[in-house]
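Working notes, beginning with the structure itself.
Computed from the coordinates by the stated procedures, all read-outs in this text should not be read as laboratory data. Small disclaimer: the values here were computed from a predicted structure and weren't measured. Note that we place each Cβ from the backbone using ideal geometry, even for glycine, and neighbour counts take in every protein chain shown.
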Amino acid sequence: MDRGERVLPEIPVIDLGRAGPVALLEAERDRALALLDAAGRRYPRMALALGDRVTLRWLHRSDNPYRDEIARLAAVLGAPGGVLLNLSHEWACTSAAVAPPGDSPRLFRVLDWDHDGLGRHVVAARHAGPAGPWINLTWPGFVGCVQGLAPGRFAAAFNQAPMRRRSPSRALDWTLDRTQVWHRPGLPPAHLLRRAFETCADYAAARRLLCETPLALPTLFILAGTRPGEGCVIERRPDGAALHPAPAAVANDWLTPGRRDRPRGSVSAERRQNLSSRLAAEHDDLAWLAPPVLNPTTRLALLARPAEGRLTVQGFERDGPATRVLRLDSAA
C-alpha cells in the first residue's frame, strides 16, 4: 500500500444479513444525507421534491415491488430527493465480461457519473438472499443494485444504454425517452439486477432473468459466471435482448452493428476499445484502469472473480482516488 492510499478512508463493509436497504440507511445515514446535500447544490429543492412526487406516482402505477421500501427510505431521510435519486439512471460506464478457456470468468467495471460523493460514500453491503449471499456495491438510501458479486454464482453490472435518435436535438430525444419510460410497466434496470442477485442460483438463471423480464428502459447488462465460457454483454431493449459472448467490453453504445442511437457520456467508443485492449492480460487488481476509461466522472472501479469470490474495488472523485482499495475474498 503506497503512502497516498494510506491516508484515504476505507470502504465500509456492512453485514446486513436478511435486512434490507432500510437497515443500511439507518447504519450509514450521514453518507446518504451527504449525497442528498450534493444533489441539492446542483438542483433546486423544489425540483427534487417535485421529482419525488412524480417518481413515486410512477412506482405505484407500474406496481413496482420496491415502491414501499423506497417510500420508507425517503421518510427516514426526511429530505427532498430520496425517491428521485433511486430512479436516476444518468450514469455512463465502461464494463467488460471475460471468460477465458481454462480460467475463471472476470467482471471489469467502471462506474462514471458526474455526481459528487458517489466514490467517497460507496459501501460494500453483504446480503443473505434466498439464492445465497451476495455483495452490493451501493449507497445508503438506494434500493437497487448497479453492480455486485454473488460468490460462487455470478457477478453483474449495468451500463446506461444509448439514447434513441428520434430528432436532431439531444434534449428533445432525452425528453421523448423519459416520456416513454413513464408509460412502461417494466422494472428499472437497478431493480431487475437486485432481483437477479437475490433469486438466481447460477449464471444461467441470471442470464435468463436479465434477458426475459420486462424492462422499463433500455440498458446494457454485463454478466460473468463461474465456469469457462460463462460471460456476456446483454443488450436489453424493452421488447427484446441481444447477447454478445465474452470476451466483450461495452461502454454506452450498442455492440450490435447498424444501430444509430446516441452514445451516452464522453468518448464511448474510445473507452470501450481501450478496455477491450486490456482484457487479455491476467489481472487481480486495478492495474488495467487507465484513461479514457478512468476519467474525471469516474466514481467506482472494480474487478470481480465470481468463482473464487474475490472482489477488488476503489472509489473515485473528480480529483482522483477517494478511498483505499478494498479487497474481499469470500474463501478467506
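Observations on the structure shown:
- Computed from phi, the 3J(HN,Hα) profile of the stretch 265-275 under the Karplus parametrisation 6.51, -1.76, 1.60 (θ = phi - 60°) reads x, 10, 6, 4, 5, 5, 5, 4, 5, 5, 5 Hz, with x in place of Gly and Pro.
- Extension reserve of the ASP103-ASP285 stretch, reckoned as 0.36 nm per residue once the Cα distance is removed: 63.9 nm
- FRET efficiency for SER330 and GLU212, using Cβ-Cβ distance with R0 set to 30 Å, rounded to 0.05: 0.55
- Around the amide H of GLU317, modelled in the peptide plane, lie the amide H atoms of ALA322, all under 5 Å away and 5 or more residues distant in sequence or on another chain.
- Taking Lys and Arg as +1 and Asp and Glu as -1, the other residues whose beta-carbon sits under 10 Å from that of LEU294 total 0.
- Look at the alpha carbon pairs under 8 Å that are at least 6 residues apart: their mean separation over the length of the stretch 79-138 gives a relative contact order of 22 percent.
- Contour minus Cα-Cα distance for ASP37 and ARG53 (0.36 nm per residue): 3.9 nm
- Environment charge of VAL110, counting only residues whose C-beta is closer than 12 Å and scoring Lys/Arg +1, Asp/Glu -1: +4
- Other residues lying with their Cβ under 9 Å from the Cβ of ALA131 contribute a combined charge of -1, Lys and Arg counting +1, Asp and Glu -1.
- Restricted to Cα atoms, the chain shows a radius of gyration and a Dmax of 18.4, 55 angstrom.
- Phi angles of the stretch 18-33 translate, via the Karplus equation with coefficients 6.51, -1.76, 1.60 and θ = phi - 60°, into HN-Hα couplings of 8, 6, x, x, 5, 5, 5, 4, 5, 7, 9, 5, 4, 5, 5, 5 Hz per residue; Gly and Pro are given as x.
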